[in-house]
1. What's the ranking of 13-22, 31-40 by average number of surrounding C-beta atoms within 10 Å, highest first?
2. Give a residue-ordered list of calculated ³J(HN,Hα) values for the stretch 57-66 (Karplus: 6.51 cos²θ - 1.76 cosθ + 1.60, θ = phi - 60°; whole Hz; x for Gly, Pro).
Amino acid sequence: MNHPLKRRPRGAPFNHEPKAVTYAREKAGLTKRALAKSCDISEQLVCDIEAGRRNATPETLLKFASAMNCPVVVLEAKRVVVLRQSSHDTTEEQALNSATDQTSSDTPPAGLPAA
């Protein structure tokens, strides 16, 4: 059974960081052609991945990491983590802010001598 190609939606983030792939390849002393040959992929694909025109699959990143003798995490795109605050956290933060606002700026923190 033929499976349709899964394409990355336009504008979706890459699995890799293009500049990191280029940097790691250069640090390993490999040309694009040598990297492509050792990973059994086309030189054009290596060029497209480094230029940010094509997405590197996780399997390709593993091949790159192995060929360049570097950890895969170096080549992967940074994941952006968005932390959401619950209303409970916000209430605690507001209480802390109001407590610090009530202390005057002329008095030193507890345990420190007055100037």
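Coordinate-derived values only; no laboratory data. The structure displayed is predicted, hence computed values, not measured ones. Note that each Cβ is placed from the backbone with ideal geometry, even for glycine, and that neighbours are counted across all protein chains shown.
1. 13-22, 31-40
2. Values per residue, Gly and Pro as x: 6, x, 5, 5, 4, 5, 5, 4, 4, 5 Hz.
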